Amino acid sequence: MAETAARVPRGKGASKGANQPSISKEQLTRAYRDMLLIRRFEEKAGQLYGMGLIGGFCHLYIGQEAVVVGMQLCLKPGDEVITSYRDHGHMLATGMEARGVMAELTGRIGGYSKGKGGSMHMFSREKGFYGGHGIVGAQVSLGVGLAFSNWYRGDGAVAVAYFGEGASNQGQVFESLNLAALFKLPCIFVIENNKYGMGTSVERASASRDLSKNGSPWGIPGEQVNGMDVVAVKEAGERAVAHCRAGNGPYLLEMKTYRYRGHSMSDPAKYRTREEVQKMREQNDCIETARKMLLETFDAKEADLKVIDDEVKAIVQDSAEFAQTSPEPDESELWTDVLLESR
Amino acid sequence: MTQILMPALSPTMTEGKLARWLKAEGDAVKAGDVIAEIETDKATMEVEAVDEGTLTKILVPEGTDGVAVNTPIAELNGGAEEAPAAKAEAPKPDAVLDKAPVEKMETAKPAATPVPAQAAAAPEKDWGATKPITVREALRDAMAAEMRADKDVFLMGEEVGQYQGAYKISQGLLDEFGPKRVIDMPITEHGFTGMAVGAAMTGLKPIVEFMTFNFSMQAIDQIVNSAAKTLYMSGGQLGCPIVFRGPNGAASRVAAQHSQCYASWYAHLPGLKVVAPWSAADAKGLLRAAIRDPNPIIFLENEILYGQTFDCPTDEDFILPIGKAKVEREGTDVTLVAFSIMVGMAMQAADELAAQGISAEVINLRTLRPLDIETVVKSVKKTNRLVTLEEGWPYAGIGAEVAMQILENCFDDLDAPPVRVHGLDIPMPYAANLEKLALPRLEQVIEAAKRVTYK
């Protein structure tokens, strides 16, 4: 591992003193735990995929954990989250059960969608998670709809719409930015710029070199954020949330992040070098950074972290066992949930 | 000791070539390290270690072809204490793939025509006194009544507010309900449809007006993939109570891009209900039901009908059930099945046919999905003859569907092959004479009825 000094987090507009971390030990510990849970969960999912227990598409979030975990630190119950198909991390971060997510990946009745949605389609209204959507960019308009709902009801909640830099070129994303600004909707647009839309680098897909400006024609403030640093994400997220909750309309965050794994499981990875991936992992890994900060800035003990590691490992192991023992959906499930009963 | 298995690297991979080992026996391995390269028919891919430890033994040498998925390829010592719990019972992916389609066939239960439960042949309720109103007024009254009853109902679309509706359907609604519930949209169908669907997922009940259904093509992904499928994909968690409404089909002299019937497009989709009213009573009763329905509804209106006047019940609670057809006129010799504006033509045809001694029964479908085939079957069992009418194209059209379902349900009751009357299979021409020829004409309906009755 390369040296990664415990850094005092900084971000555009950070107002804390030079040596004063903007995050509490408790928050960082939670973030570390949640990021680690996502990492271990995704590794296990990759393993189960390799064993043929998970089918179809499976997009892993490994490398990007700081983005959703940092944002989640800024949200309150009642806020909504929506994302694309690289969604397992978002589910876990919003507090959805690892068991239900893993069992959905294996297509079992114990999955969040009773095995009928799969990796890309899980939801939990209780946790404010609105999917899990398979059409690139569609979740952005839907996310503006969640924010519209908050505006219509005047409930003070904020919606976070996540999308990749690939989706940021979709026409409906621009339509959505305009609508959100036009109606001053409490919507945070989070571009997870992991540099590659499948195998096409952002430079080959977008003429813009700064996606945080994508909302500028409509006056939407935007920031570029180090998405590999959970503290920087949290700081930016707090600015965005404050802006939205105050009724100032939408906010846009471009998170510079990186996925270590392929786009999906069947990714030959010929569009980037192994060294590029390795360098990112060694120098910028969000979990390693958080770990060092806990140990060095907050005087956490290795033993404390070991407790977290063990807890996470147990959750993931339990989810994998559940995902294999939960039965496949009954054949009668074919015909349920097509329509709701009319009242 | 952990065995490293030959991984599946794509949804369809069953075997591959172990092209190269990047780690040797005795090497330390960290989770995420690339340990080998595998070639499939599609690509060369890297195998990453999942667990930490030392590579103790390579079981499959590099260069080996045809290594089946899940074959142990190496052994790893130490690090991870977690046992690969699933190993023993891991099904072969090819077995899973082979199995699925067969099972689907076996369990596809309503093979012929699922007759919807609510279509039990109850006579239509008598709503008492009526007064003549236009379809336009009926639609507006329906929206106003439901908006008064439920604060979660709102109307959005282009020109629905200050302009009072491109076709004046929303006239007066902005004054009564204000700009938060009658919301003018920019010309951005894809975006605002997605926004409305997202709002509906939280439990709001949007009415989305498309200036015409032609423009819903801009937004069809959100209707199909987000509105219609999410309930199923969420295992029943996330419904979408939304109405998409607006004029559908040909108006007059607006040419191909503005004169298309989308009935069969939307009726094709499980997860949607599709309603197509004809009269003012249809419009009012069915739109109220659509707004109250917890499912996504496509509500296909017709611009030419907007100004037509029909008797409509005055009862404040008047509502009609979705999924139930109406026998508009009883007859004994031939069944004419129509929806939307074509019901009017069928009624005219029935008058003329009566004068020629042919008794036609006219069925107004009202709902295209779920289709009330039971009412049509009952009629055909009586008349033994079927003619379908629609403005849209014949290919995979509503007429084709109705006729096929009749063949499946009561083939033996037919005394003649069903006949479809429909728009010509061409983009709509602009020229007045050509447009007239492209749309179904009264004489074609009469001719079709005569053909099936051999007169």
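The values are calculated or read from the model by the stated rules, or taken from the named source; none is laboratory data. Keep in mind that what you see is a predicted model, and the values were worked out from it rather than measured. In this analysis, Cβ positions are derived from the backbone assuming ideal geometry, glycine residues included, and neighbour counts consider all displayed protein chains. Side chains are part of the model used for accessible areas, which takes the heavy atoms of the whole protein and leaves out ligands, DNA and RNA. Shrake-Rupley method; radii C 1.70, N 1.55, O 1.52, S 1.80 Å.
So here's what we get for this one:
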read-out	value
Descending Cα extents along the principal axes, the protein assembly as shown, whole Å	97, 59, 45
Cβ-Cβ FRET estimate between B:R441 and B:D315, R0 fixed at 35 Å, reported to 0.05	0.40
Between 0 and 90°, nearest 10: helix B:135-149 axis offset from chain B longest Cα axis	60 degrees
Drop in accessible area of at least 40 Å² in the complex versus isolated chain, residues of region A:166-184, 1.4 Å probe	A:Q172, A:E175, A:L179, A:F183
For region A:73-114, fraction of C-alpha pairs farther apart than 11 Å, in %	67 percent
Tilt relative to chain B, helix B:373-383 - C-alpha long axis, 0 to 90 degrees, to 10	50 degrees
Sequence-distant residues sharing a close amide H with B:Y262 (under 5 Å, placed H)	B:G249
Net charge of Cβ neighbours under 13 Å - reference A:S141; Lys, Arg +1; Asp, Glu -1	-3
Residue order for A:R39, A:R259 - accessible surface, 1.4 angstrom probe, largest first	A:R39, A:R259
Whole-angstrom gap from region B:159-201 to region A:216-278, using each part's C-alpha centre	33 Å
In degrees, nearest ten, helix B:398-410 long axis to first principal axis of chain B (Cα)	90 degrees
Pairwise label distance in nanometres, B:E52 with B:T64, each label 7 Å out on the Cα-Cβ vector	2.8 nm
Reach of A:K195 by Cα under 20 Å, taken over lysines that are not fewer than 8 positions away in the same chain	A:K213, A:K256, A:K270, A:K279
Cα-centre dipole for the protein assembly as shown with unit charges at Cβ (Lys and Arg positive, Asp and Glu negative), debye to 20	1400 debye
Pairs from A:K76/A:K313; A:K76/A:K127; B:K23/B:K57 whose Cα-Cα separation, in the structure shown, is over 18 Å	A:K76/A:K313
Principal axis dimensions, largest first and in whole angstrom, of chain A by Cα	60, 50, 40
DSSP beta bridges in chain B [antiparallel fraction, %, rounded to 5]	50 percent
List A:E203, B:E391, ordered by accessible area with a 1.4 Å probe, largest first	A:E203, B:E391
A:R209 paired with B:A256, simple spin-label distance in nm, labels 7 Å along Cα-to-beta-carbon	4.5 nm
Where the protein assembly as shown is the region considered: accessible area per residue in Å², 1.4 Å probe	39 Å²
With every protein chain in place, the protein assembly as shown: carbon and sulfur % of accessible area (1.4 Å)	52 percent
Point-to-point label distance, B:D351-B:K131, nm (Cα→Cβ direction, 7 Å offset)	2.6 nm
Euclidean distance between Cα centres, region A:289-343 to region B:228-267, Å	38 Å
Computed accessible area, B:C261, all protein chains, 1.4 angstrom probe, square angstrom	20 Å²
Förster radius 56 Å - calculated FRET efficiency between B:T332 and B:Y163, Cβ distance, rounded to 0.05	0.70
Buried area at the B-A interface (accessible, heavy atoms, 1.4 Å probe, summed, Å²)	6300 Å²
Nearest-0.05 FRET efficiency for A:I109 and B:Q171, computed from C-beta distance (R0 51 Å)	0.50
Heavy-atom accessible area ranking, 1.4 Å probe, most first, across A:K25, A:K279, A:K292	A:K279, A:K25, A:K292
Reachable lysines from B:K436, criterion Cα separation under 29 angstrom, eight or more residues apart if same chain	B:K168, B:K326, B:K450, B:K455
